[in-house]
Amino acid sequence: MPLLPIALSVFRESVRDKVFYNLLLFAVILVAASLLVGQTTAGQDVKIIKDLGLAATSLFGIFIAVFVGINLVWKEVERRSVYNVLSKPVRRPALVVGKYLGLSLTLLVNVSVMALALYAVLAYMNQGFPESVRQAWDAPALDPALLIAFVLILAQLLMMTAVALFFSTFSSPMLSAVFTFGLYVAGHFNADLKNFETIVSLRPVVWVARALYYVLPNLASLDVKSQVVHGQPVAAGYVSLSLLYAAVYIVMLLGAASLIFARRDLK
Amino acid sequence: MHAIETENLTKDYALGFWRKRPYRALDRLTLQVSPGEVFGFLGPNGAGKTTTLKLLMQLVFPTAGRAEILDRPVGDVEVRRRIGYLPENPYFYDHLTAEELLRYYGRLFGLDRATRRQRAGELLDEVGLGAERRLALRRYSKGMLQRVGLAQALLNRPQVVFLDEPMSGLDPIGRRMVRDLILRLRDRGTTVFFSSHILSDAEALCSRVAILAGGRLVSSGRLTDMLAFEVKGWDLVVDGLSADALTGLGPGLIRTTTIAEGRYALELPADARPDEWMARCTALGGRVVSLNPLRETLEDFFVRQVGAHHRRTEPGSNN
């Protein structure tokens with residue numbers, strides 16, 4: 001299967017297109033914030049930096065997932081480089097999945113470096129406080145539970161990459177970006193759709209809302225930033241189930257994207 | 001066994017946004033190409049050449065009919081291990097160098113690292129890009145990209161090579177290089193199927209050609225069968241003749257064209273004796289510059305066939 005060379009090619013393209021420059025900006029934001037926060041808040045410094053670090057990881061990641069993802073297949077077709085690839089022994093679904101894996105690798109590296117950077121800043125801040133202050137925090141500065149939040153952020157990003165790639169197989173980048181960002185926003189308020197009957201009594205509307213609840217990505221279930229920052233436990237079972245949900249959602253989207261792309265005339 | 005075979009291969013595209021209407025880009029193409037042949041696929045722009053190649057590469061799917069390469073359906077992905085394809089005006093990844101691109105494609109073919117390295121080097125030297133192998137493709141000219149395209153089409157030592165307008169964007173040296181490359185491929189037993197509207201290339205390279213117009217096959221066969229190779233006349237160029245001397249040459253000239261002062265191109269009939277005409281010119285003070293027999297060219301044949309097709313399909317014609 002040519003998945004690996006295709007994935008590595010996408011990763012190399014990300015590197016050469018300077019996608020990882022966002023890490024520099026991330027580091028600057030973290031360091032600047034840690035200096036600033038130390039002078040304006042009392043005792044909340046670590047919590048704010050954790051919040052900021054996780055939010056920035058999510059935000060930077062979603063921009064990469066969407067803006068690289070919407071071009072993954074579209075650019076190949078539009079610039080006709082796909083002709084050269086598909087005249088080799090490469091099945092169309094392999095191209096779709098390989099491209100997805102390549103961007104996923106980029107996001108994995110991006111999120112990992114951001115996690116390391118956040119831990120580095122937190123370790124530096126941790127040194128500046130006496131033990132008595134540290135005892136009063138909801139969670140330790142170098143809380144391993146932060147990793148759970150990072151893993152679930154990565155899962156969210158991989159879901160949104162699959163969404164962007166799905167649209168990229170048949171739509172222009174502009175429309176794909178609109179659709180993907182729309183789903184990203186809707187995905188955070190998905191839980192409201194489940195309980196729509198408490199607001200509206202009209203059955204067809206409730207059915208539509210329930211259908212949308214199952215179709216739209218349930219990103220809220222993958223968002224544990226707040227719990228982690230406040231030191232609340234996140235059950236292992238919940239994390240496993242959320243990851244399983246993300247995996248199923250991704251596989252279904254990649255399947256649909258592959259089906260659409262496999263039947264398309266590449267004019 | 002056929003290297004390439006199509007039977008009633010047809011492709012309709014839907015045109016328009018709201019009200020889709022079908023447009024037939026290729027109409028019932030039936031064609032066979034034997035192994036080891038250099039086959040020219042000719043036609044004016046919009047004739048359906050690129051559509052045919054895309055159908056053979058499964059980049060688009062046929063509306064009707066079937067196509068096989070090396071006796072396997074074109075949809076069989078394994079057959080692509082044994083073929084090479086150069087698309088028209090190829091485009092590659094800007095961020096890669098030519099060497100990296102060929103190694104990447106080598107991985108798609110499943111070639112091992114040593115073979116990838118060796119083939120990339122060999123082929124880039126063969127297409128004259130050895131010195132630029134580490135230059136990013138975004139810096140390549142159109143002609144250089146065409147050469148990279150040729151190199152990638154040959155990476156897997158294919159049994160059948162499909163070249164869509166291989167001379168496009170090339171300078172005279174590049175065109176000569178491609179001609180020599182095609183002849184070397186032929187000598188190695190590779191089947192070469194190339195589309196072109198540059199007829200002199202087809203005439204110089206092909207054993208057989210097919211002519212397409214308006215999506216339909218209008219003629220196919222061996223060049224020797226298609227073109228009348230008997231002499232249709234003579235083209236005699238003389239220099240140093242005065243206008244009076246020209247009239248003194250006597251009757252029998254079909255046409256006289258003035259090239260420059262004192263220099264003329266004389267068209268003689270097929271049954272003329274060229275040696276007698278040269279002697280006459282010399283006797284009148286002229287100097288023979290050249291003498292060439294006039295034969296029907298592929299271009300003459302092509303223009304006749306395509307013109308006849310257009311007349312048949314024009315509105316108001318009986319067909």
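Just so it is clear, none of the values below were taken in a lab; they were calculated from the coordinates. No experiment lies behind these values; they were computed from the predicted model shown. Cβ atoms come from the backbone with ideal geometry, glycine included; neighbour counts cover every protein chain shown.
Quick notes on this one:
- Only Cα pairs under 8 Å and 6+ residues apart enter the sum, and on that basis the relative contact order of the stretch B:227-280 stands at 43 percent.
- Neighbour cut-off at most 10 other Cβ (10 Å), DSSP loop, trypsin sites (Lys or Arg not before Pro), the stretch B:165-198: B:188
- Shape category assigned to the stretch A:3-263 from the gyration tensor of Cα positions, a/c cut at 1.5: oblate
- Relative contact order (%) - criterion: Cα under 8 Å, at least six apart; region: chain A: 27
- Projected label distance in nm at residue B:112 and residue A:170, using a 7 Å step from Cα toward the beta-carbon: 4.4
- Axis angle, to the nearest 10 degrees, between helix A:146-168 and the longest C-alpha principal axis of chain A: 20 degrees.
- Qualifying GluC sites (Glu not before Pro) for the stretch B:190-274 [loop in DSSP, other Cβ within 10 Å: at most 15]: B:230, B:261
- Computed over the alpha-carbon pairs of the stretch B:233-294, the distance histogram in 10 Å steps reads 24, 65, 11 percent, short to long.
- Percent of Cα-Cα distances greater than 30 Å, calculated over the protein assembly as shown: 65
- Residue A:251 paired with residue B:297, simple spin-label distance in nm, labels 7 Å along Cα-to-beta-carbon: 6.4
- Charges were assigned to the Cβ only: +1 to each Lys and Arg, -1 to each Asp and Glu. The resulting dipole of the stretch A:3-263 about its Cα centre is roughly 1040 debye.
- Among A:30, A:89, A:164 - extreme Cα towards positive end, dipole of chain A, charges at beta-carbon: A:89
- Restraint check, A:267/B:49; B:11/B:54; A:18/A:75; A:18/A:47, Cα-Cα greater than 21 Å: A:18/A:47
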